[in-house]
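Structure, as structure tokens:
The values are calculated or read from the model by the stated rules, or taken from the named source; none is laboratory data. Computed from a prediction, not measured in an experiment: that's the story for all the values here. Using ideal geometry, Cβ is built from the backbone for each residue, glycine included, and neighbour counts are taken over all protein chains shown. Remember, those area values only see protein heavy atoms, side chains included, never the ligands or the DNA or RNA. Shrake-Rupley method; radii C 1.70, N 1.55, O 1.52, S 1.80 Å.
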Amino acid sequence: MPHPTSTDIAGRIEDLYGAPLADLEAHAQDQPPGMLSALLGMHEALALAERSIDAHRDHLARLIHPERQIGQHEVSHLLDGARRLAEAVAVREIQAKSVTAVLQSLTRIPVPTPAPPASSPPVSAPPPPAPSPAHSR
């Protein structure tokens, strides 16, 4: 099962918090560390790993280009590039698995709607004044 990409994770974070990622990042800078900043950090680490995978894959593709000779010197570069690519893939897998697990444990809480005011019992008319006793003269 393939892990979600950083773009997928960004969308899930936006859905969870109900705001664009850029707004959430700006908001998190002004807040003490919490779940939002943790999720944003995990997302950034995932995105960095994806960029690293792309860079190492492209570097290896240049090294093994069909028109290029692979000599003894290039072999060490190939091995180093393959090692770095494997490390980037491992970091990506760990980050994707971790952030997915955290996001699955969270749900967006709907904003409570104000309850309609409780209907108070109808106000009855004040009782008629009691007849005052007549004073004798």
* Residue by residue, what Karplus-based ³J(HN,Hα) values in Hz, rounded to whole numbers, does the range 96-107 have, using 6.51, -1.76 and 1.60 with θ = phi - 60° and x for Gly and Pro? -> 5, 5, 5, 5, 5, 4, 5, 4, 5, 7, 10, 9
* Structure fact -> quick shape note, the range 1-103: Cα extents on principal axes in Å, largest first -> 54, 29, 20
* To do: Kindly sort Ser52, Ser6 by accessible area of their heavy atoms, largest first, with the probe set to 1.4 Å.
  => Ser52, Ser6
* **Protein accessible area in the range 50-107, 1.4 Å probe - carbon and sulfur %** => 57
* Asked: With charges only on Cβ, +1 for K and R and -1 for D and E, what is the dipole size of the range 1-112 about its Cα centre, in debye, rounded to 20?
  -> 320
